[in-house]
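The structure appears below as C-alpha cells.
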Amino acid sequence: MKITCIVTILALLSLASKAQTQGINKNYNAQLAKALNADDYGMKKYVLVILKTGSKSDLPKATRDSIFRGHMANIDRLADAGKLIVAGPLDKNALNYRGIFIIDVEEIEQAKALVETDPVIKSNLMAAEYLSWYGSAALKETLKIHSTIEKVKP
C-alpha cells in the first residue's frame with residue numbers, strides 16, 4: 001500500500017512538472033516582453049483606426065495638398081511619440097476606406113484624442129472608425145526596423 005501511494009505521488013508530481021514547463025517558449029525574453037507591455041502570449045491591446053473618406057470633398061487642390069502635408073507631419077509626430085505603431089494607405093475600395101492606423105493605447109477615447117489632432121480629420125477630408133484590437137506587442141519594434149529600411153521619407 002505504501003509503495004502504491006509513493007508511486008502515485010511521484011507520478012502526479014511528474015505530471016505537474018510537465019504541465020508547468022509545457023508550452024514555455026525557449027526564446028522568451030522577459031525583459032523585452034516587459035518593455036513592450038506584452039502579456040503571457042506576447043500580445044497587448046491597441047486601437048485600430050480605419051480612415052475613410054470624409055464629408056468634405058470640395059476643397060481647392062492647394063488646400064488639400066496643405067492638409068495632406070499636415071497629415072504626414074502628424075503621422076511622423078505620433079510615431080516619434082511612440083503612439084502610432086503602423087500607418088498606411090489602402091487601395092481604392094467600395095467602402096471608401098482610405099488608410100489605417102494602429103495606435104498604441106488601450107482605450108478608444110485615448111485614440112480619438114490623438115487622431116483628432118490630424119488635419120485630415122479636422123478638415124473632414126477623412127473620418128475615422130475605431131476598433132479595439134489585440135495584437136502582437138512586438139509591433140512596436142516595427143518603427144525601429146522601418147527607420148533602417150526607409151530610403152526616402154515621404
query = List the pairs whose first member sits in the stretch 64-79 and is over 21 Å from His146 (Cβ atoms), whose second member is surrounded by fewer than 16 Cβ atoms within 10 Å (Cβ to Cβ), and whose Cβ atoms are under 8 Å apart, counting only residues at least 6 apart or on separate chains?
reply = Ile67/Leu59
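Any idea which residue in the stretch 119-154 is surrounded by the most Cβ atoms within 10 Å (Cβ to Cβ), counting only those that are aliphatic (A, V, I, L, M), in contact (Cβ under 8 Å) with a residue 40 or more places away in the chain and part of a helix (DSSP H, G or I)?
Out of the qualifying residues, it is Val120.
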Every residue from the stretch 112-129 that is touching an Asp or Glu at 6+ places or on another chain (Cβ under 9 Å) and under 16 Å from Val47 (Cα atoms) = Ala128
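Taking the stretch 71-94, which residues are in a helix (DSSP H, G or I), among the hydrophobic types (A, V, I, L, M, F, W, C) and farther than 21 Å from Asn124 by Cβ?
Scanning the stretch 71-94 gives a single hit, Ala79.
Which one is surrounded by the most Cβ atoms within 10 Å (Cβ to Cβ), of the residues in the stretch 105-115 that are touching a helix residue (DSSP H, G or I) at 6+ places or on another chain (Cβ under 7 Å) and under 21 Å from Gly70 (Cα atoms)?
Val115
Quick note: the coordinates plus some simple rules give every number you see, no bench work behind them. Model, not experiment: these values are computed from the prediction. When we count neighbours, we look across all protein chains shown, and the Cβ atoms used for this are built from the backbone with ideal geometry, even at glycine.
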